[in-house]
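Working notes, beginning with the structure itself.
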Amino acid sequence: MSSALASLRSLLYRPWLLATLAATASATLLLLASLGVAMHQLQESESAQMNAKGERFLERLEQIFGQLRQGVDLLQAQPLRGCDAEMVSTLQQVTYNNRFLFEAAYVDSSQSCSNRGGEQALNQLPPPDIQGPTYSYWLNTTTEPDDNRAALVLGRGNFRVSTSRGHLTDVVDLPPEGSLLVILDKGTRAVPVLGPVQEWPPASGWPPDNDDALQVFPSRLIYRMPTKSPDYQLVLITPRASLPLKMNGMLWLLFPGSLLLAWCIGWLVLQLVRQSRSMSSELQGAIRRGELQVLYQPIFELNSRRCVGAEALVRWRRPDGTLTAPDLFIPLAENTGQIRQITDFVLQRVLEQLGQVLRANPQLYISVNLAACDVMVPRIGLVAARLLALHHVAASQIAFEVTERGLIDVVVARDNLQALRAVGHQVLIDDFGTGYCSLAYLQTLPVDCLKIDKAFIDALGHDAASSGVAPHIIRMAHALQLRVIAEGIEYEDQALLLNSEGVNYGQGWLFAHPLNARQFIEMFTRGRRMGPRRIDDEA
Ligand code: C2E
Ligand code: CA
Ligand code: CA
């Protein structure tokens, strides 16, 4: 299991592999996103084209209807009735003056005549499709593919005028397979005026809830043209593929742009991995050259203000004297596995530097931080046992701090922590409250003590919302018979409040900053409380 993890880690730690993975993943994401944008834009342009086409249609149809109305009104208004030569000439005159009028006819019960002489078609019409108060409408009165046949007929009194299919198709450039329909009978019937018959209603859920003129369906676009008449509505239907779609020029840039961006991300990842690798090799050198040092932050009994122990905190002092904070290199060392060497180093240093004072003060203890990988294998117990034996120090004088995050696999961790406790070490949960430890979970863990995270101590007395958390944790710890250490105590008020809540131990700048071994021993042996003058971290 751990060897599989190690090989996975080493695989992921190859800069080129990581960079390629990052570039491929980002290229895929960016290309998918570009494709999404492209599709969206195509749909937008498709809709825009259809909207424009629909409006153009409407305009032209209005023009045609206008001329038909004008023609039939004119005929109705003139005094002639019957089918004499003068009437035929009047009918011819009307069609001559109106470009869209193909045929004009006079029809009564006994006779009929038209501008087209013997070829007239308007004398035997079925009942009109639409019967308005003034006009009657016949739509697509023939299905024959003859351009000279009527497509729209308008009647008033004894007169009929028509426009031909040829006229209509001239004016209206219908896309292939598109249809112009007139919708009648309150939207239930569709008569195709141009183009193939379409099933009606055109889609489930028709009519739509919204009033948009353009309705987009997966396979077709439907444009509803508003008309002035409540009796009918015009609808234009086109299959979606028949609309010529043009890729916006910008979109062509998106693809190479995405690839370029993905390449940049890959390059950036490569640089970052190389940098962290160089940091990790620097760290390796630092461990070898002994640039790491250990400081000790005293832990006090809050009642007596007596120092009872200390937490070992590692520092990286570079040859030029600058200090690198553990927050910067510990997470990296956890990733590379170098943390094991660091933990061993800290343990070794603690016993080398403080062995004597620990032997002389059997109640004094030092707390050592463990990383997740230290908790997952029994190794650390063996290392500690060897060093303790070497320096004749009791196991009870070395405590181990594990964070909630460090307990990834609880079952394995529990066994290892139990083994540490079995030989006499104390186990503390560090940064308590920042992870996912619930009460139920905590009950099953073999621990002695909780360290309340500084964030909750900071909130004491300041933030009404979170100040309640620390007392809650304290009560919980007491219920489980766990000791409590409050960390990050900076003010006397906090120390007093925590003490009154039943917290026995505390650590923080109020008492002392982390000290080097010499300062710590001095402070401890003098038994002096760190008062107003505190010895600083970097002494
Ligand atoms: P931590 O274990 O929670 O250590 C406590 C941190 O709080 C230390 O920072 C300490 O200097 C700081 N601190 C203590 N009292 C106060 C206070 O009153 N106010 C403020 N603002 N800070 C206070 P440090 O030494 O920088 O350590 C940071 C973290 O690095 C540690 O957090 C621990 O997670 C990690 N770390 C340090 N040394 C080791 C180590 O030897 N091994 C491992 N695995 N992790 C370590
Ligand atoms: Ca700690
Ligand atoms: Ca902590």
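Just so it is clear, none of the values below were taken in a lab; they were calculated from the coordinates. None of the values given here were measured: they were computed from a predicted structure. Neighbour counts run over all protein chains shown; Cβ positions are idealised from the backbone, glycine included.
Straight-line reach from LYS451: which aspartates and glutamates have Cα under 15 Å away, leaving out those fewer than 8 places along the same chain?
Output for LYS451: GLU301, GLU311, GLU401, GLU404, ASP430, ASP431, GLU487, GLU501.
Any chance you could run the full-extension gain for GLU55 through THR322? It's 0.36 nm times the residue separation minus the Cα-Cα distance, nm to one decimal.
Here the segment from GLU55 to THR322 would lengthen by 88.7 nm.
At 7 Å along the Cα-to-beta-carbon direction for both SER500 and SER110, put a label point, then send me their distance in nm to one decimal.
Each label point is offset 7 Å from its Cα along the Cβ direction, giving 12.0 nm.
Order of 175-184, 261-270, 77-86 by packing, highest average Cβ count within 10 Å first?
Descending packing order for the listed peptides: 175-184, 261-270, 77-86.
Compute the relative contact order of region 290-537 as a whole-number percentage, counting only Cα pairs closer than 8 Å that sit 6 or more residues apart in sequence.
Once divided by the residue count of region 290-537, the mean separation gives 20 percent.
With just the Cα atoms defining each centre, how far is region 376-442 from region 35-52? Give it in Å.
Distance between centres, Cα-based: 62 Å.
Grab the beta carbon distance between VAL410 and GLN341, set R0 = 25 Å, and tell me the FRET efficiency rounded to 0.05.
0.45
For region 290-537, report the translational diffusion coefficient in µm²/s to the nearest whole number, using Stokes-Einstein at 37 °C, 0.692 mPa s, and a Kirkwood Rh over Cα pairs.
Here the translational diffusion coefficient equals 178 µm²/s.
Relative contact order (percent) for region 39-242, with alpha-carbon contacts under 8 angstrom and 6 or more residues of separation?
About 18 percent, as a whole number.
Scan the chain and note any complete DSSP helix (H) whose C-alpha atoms cover at least 20 Å along its axis and whose Kyte-Doolittle average is 0.5 or more.
249-289
Length gain on complete extension for the stretch ASP185 to GLU282, per 0.36 nm per residue less the alpha carbon to alpha carbon distance?
Using 0.36 nm per residue and subtracting the Cα-Cα distance, I get 26.5 nm.
Label 7 Å along Cα→Cβ of CYS264; region 31-45 residues with amide nitrogen under 15 Å?
Counting backbone N atoms under 15 Å from the label point, the list is 31.
So for the chain: antiparallel DSSP bridges make up what percent, rounded to the nearest 5?
70 percent
Kirkwood Rh and Cα-based Rg: tell me the resulting Rg over Rh for the chain, rounded to two decimals.
On the Cα set of the chain, Rg over Rh gives 1.42.
Go ahead and estimate [θ] at 222 nm for the chain from helices alone: -39,500 (n - 2.57) per DSSP H run with n ≥ 4, summed, over the residue count, rounded to 500.
So the calculated ellipticity at 222 nm is -14500 deg cm²/dmol.
May I ask you to list the aspartates and glutamates whose Cα is less than 12 Å away from that of LYS53, ignoring any residue fewer than eight positions away on the same chain?
Hits, sequence-local ones excluded: ASP173.
Would you kindly state how much longer the chain becomes between ARG518 and THR169 on full extension, computed as 0.36 nm times their sequence separation minus their alpha carbon distance, in nm to one decimal?
Using 0.36 nm per residue and subtracting the Cα-Cα distance, I get 115.5 nm.
Any idea how far apart LEU21 and LEU35 come out in nm if each label point goes 7 Å out from Cα toward Cβ?
For the pair LEU21/LEU35, the computed spacing is 2.3 nm.
Hey, rough spin-label estimate for ASN303 and HIS392, points 7 angstrom out along Cα→Cβ, what's it come to in nanometres?
3.3 nm
How high is the relative contact order of the chain, given as a whole-number percent (alpha carbon pairs under 8 Å, six or more residues apart)?
Contact order relative to length: 11 percent.
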